[in-house]
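A.B. asks: Here it is, the structure in full.
Each value in this text was obtained by applying a stated rule to the coordinates, not by laboratory testing. Not measured: the values here are computed from a predicted model. Backbone-built Cβ (ideal geometry, glycine too); neighbour counts: all protein chains shown.
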Amino acid sequence: MVRVERDAFEVGWLTGYVVAAGPKFFVLELVTGSARLDGMACIRYSDVTAFGPEERAGFMTRALKARGETRAGQAPVSLASLPKLLESAGKAFPIITLHVPDAEMDGYACYIGRVMKLNAASVDFHHITPDGAWEKSLAEIPFSEIVRVDFGSDYEDALFLVAGKPRQIRSRT
């Protein structure tokens, strides 16, 4: 169990298990502060400012075991490239989260939704609002702006349960 810090994007750290590594991204199976598994985060190596063992690994591991939490054996995505990551995550999960830097928020914005189409340099993405409603049109998000890709979390599951399957959509906004 490790801690990963990314000072440019978040205060504090992420805790979890590294379950896969690719040329530009690695996959961290996330462990919450309350000792529960909560999805996976695909993180760029270039954004990591500190990496090391989790100080509370012994306790956290025992708590996960006591709760019957089962770790993933591997990540269900391809890390060969960002487009391959998005394509495979989009096939493996009904919705995923894209993290994009946002100077106004002093960190990043999260876009949760469904991969609709991969273009030469961007992804057409069908976004779900924080209220669990599908946007009426697609957003085009450049690959160059995506710094993290998440999937399989309880929050994503809850949003998809509330939003349901998307209905009609217009082309990009």
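A.B. asks: From zero outward in steps of 5 Å, how is the percent of C-alpha pairs of the chain spread across the bins?
C.D. replies: Computed distribution, short to long bins: 1, 8, 17, 20, 21, 16, 10, 4, 2, 0.
A.B. asks: Going down the list LYS24/LYS65; LYS65/LYS91; LYS24/LYS117; LYS84/LYS165; LYS91/LYS165; LYS91/LYS117, which pairs span over 20 Å between their C-alpha atoms?
C.D. replies: Long pairs (Cα-Cα over 20 Å): LYS24/LYS65; LYS65/LYS91; LYS24/LYS117; LYS84/LYS165.
A.B. asks: To the nearest 500 deg cm²/dmol, what mean residue ellipticity at 222 nm is calculated for the chain from DSSP H runs of n ≥ 4 alone, each contributing -39,500 (n - 2.57), summed and divided by the residues?
C.D. replies: Rounded to the nearest 500, it is -5500 deg cm²/dmol.
A.B. asks: Once you've got the GNM for the chain with C-alpha springs shorter than 10 Å, pick whichever of PHE25, PHE59, PHE93 has the biggest mean-square fluctuation.
C.D. replies: Residue with maximal mean-square fluctuation among PHE25, PHE59, PHE93: PHE59.
A.B. asks: Further question on the same structure: If you fit an axis through the alpha-carbon atoms of helix 57-66 and take the longest principal axis of the Cα set of the chain, what angle between them do you get, 0 to 90°, nearest 10?
C.D. replies: Helix 57-66 sits at roughly 70 degrees to that axis.
A.B. asks: How high is the relative contact order of the stretch 75-146, in percent, counting Cα pairs under 8 Å that sit 6 or more residues apart?
C.D. replies: Averaging sequence separation for qualifying contacts and normalising by length gives 22 percent for the stretch 75-146.
A.B. asks: Which order do peptides 139-147, 14-22, 68-76 fall in by mean Cβ count within 10 Å, highest first?
C.D. replies: 14-22, 139-147, 68-76
A.B. asks: Still on this model: What does the convex hull of the Cα atoms come to per residue for the stretch 80-128, in Å³?
C.D. replies: About 84 Å³ per residue, rounded to a whole number.
A.B. asks: If you bin every alpha carbon distance in the stretch 49-94 into 5 Å steps from zero, what whole percent lands in each bin?
C.D. replies: 5, 17, 13, 14, 16, 17, 16, 2
A.B. asks: Which residue, GLY90, GLY33, GLY152, has the most motion in a Gaussian network model of the chain that connects Cα atoms within less than 10 Å?
C.D. replies: The residue that fluctuates most here is GLY33.
A.B. asks: For the chain, what relative contact order do you get, as a whole percent, if you take Cα pairs closer than 8 Å and at least 6 residues apart?
C.D. replies: The value is 19 percent.
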